[in-house]
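One structure is given here, and the rest of the page talks about it.
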Amino acid sequence: MSTGDGFKEKTANSGKTAKPLRGDYSAMRDDFTIDQGWSHYSAEEHDRWRRLYERQSRLLPRYAAPEYMDCLSRLDAGDGIPDFERASAKLRQATGWEIVAVPGLIPEDAFFGHLASRRFPVTNWIRTEAELDYLEEPDVFHDFFGHVPLLMHPVFADYMEAYGKGGLRAMKLGTMDQLARLYWYTVEFGLIRDGDNGLKVYGAGILSSAGETPYSIEDSSPNRVAFDLERVMRTLYRIDDYQETYFVIDSYDQLFTETQQDFGPIYERLKGQPAIAADAVLPTDRIYTRGTGARKLGKSQAAE
Ligand code: PHE
Ligand code: CO
């Protein structure tokens, strides 16, 4: 989906969550997991999954990172809403990860605890027919289709575990805003350079969105800037529209290696620095494309 689908911004700034969450939180265990209830999905829900899956499958060969495409096909999840047990068996074999069902967004400490133990929480319900193009909370299509494939990738799998541990630490240090931006601009909205083939998508928020997939790669509106850890940690983001800036990594190894350093001194340094606007380009940026900002301009004119 295009917007607002990360769990972090809702829990970190939970006062901003406009509506009550829709999942069934009544049967939750202490760790916020539930049974997926795979046998309870209706034929219509499985059909909705297939249509979402097919639409993205037509788009993604042009836009998605080849590693993602490879992992997606290994999951063999196009026939209907996947059974989490079956997917977990494949994940365990590939990287030791598994997925657990949750009713939707869960508290930050619980989410990070799962990641730190190589468990990825996946929402068990699917969006309604009216929400095929847009929804405000992550559903099973976003969580599974967007996030689960790259958990089969050894380096990305290690990055996600490290992020979970880093999240627990950032909560204690009071630096969640900074760390959440890293998640947003990598796990949710990251782009990667694919040799001579140009930029490709690896972020889950893009991969599960039919609109943002081509926009993130081809549209003239957003900036595309080389990944820089501290720059990313200072950059505000949009939760209500497509991103105004995407950050481009060279490889998953780069992402993993650069985030292995102790963030303590970085957090200290960042305390004295103002945040950077979501659409800003800095003199120090290594720019792939400088955006026109036309999307936002068009919107504000239309609103006048
Ligand atoms: N190195 C980070 C720290 O010291 C932990 C981390 C790793 C955070 C990878 C995010 C991603 O806190
Ligand atoms: Co997400």
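Where a number appears in this text, it was derived from the coordinates with a stated rule and is not lab data. What you see is a predicted model; the values in this text were computed from it and never measured. Cβ: placed from backbone, ideal geometry, glycine included. Neighbour counts: every protein chain shown.
Remarks
- Whether the chain is rounded, prolate or oblate, judged on the alpha carbon gyration tensor where a/c under 1.5 counts as rounded: rounded
- Ordering of 70-79, 136-145, 267-276 by packing [mean C-beta count within 10 Å, highest first]: 136-145, 70-79, 267-276
- Region 158-304 - charge dipole about Cα centre, Lys and Arg +1 at Cβ, Asp and Glu -1, debye rounded to 20: 400 debye
- The chain - share of DSSP beta bridges that are antiparallel (%, nearest 5): 30 percent
- Projecting the Cα atoms of 187, 152, 229 onto the dipole axis of region 2-303, where Lys and Arg carry +1 and Asp and Glu carry -1 at the beta carbon, places 229 farthest toward the positive end.
- Residue by residue, region 44-52 carries 3J(HN,Hα) couplings of 5, 5, 4, 5, 4, 4, 4, 5, 4 Hz when phi is fed to the Karplus relation 6.51 cos²θ - 1.76 cosθ + 1.60 (θ = phi - 60°); x denotes Gly or Pro.
- Lys, Arg +1 and Asp, Glu -1 on Cβ, resulting dipole of region 2-303 about Cα centre, debye, nearest 20: 620 debye
- Centroid-to-centroid separation of region 166-195 and region 263-286 [C-alpha atoms, Å]: 13 Å
- The chain - mean residue ellipticity at 222 nm from DSSP helices (-39,500 (n - 2.57) per run, n ≥ 4, rounded to 500): -12000 deg cm²/dmol
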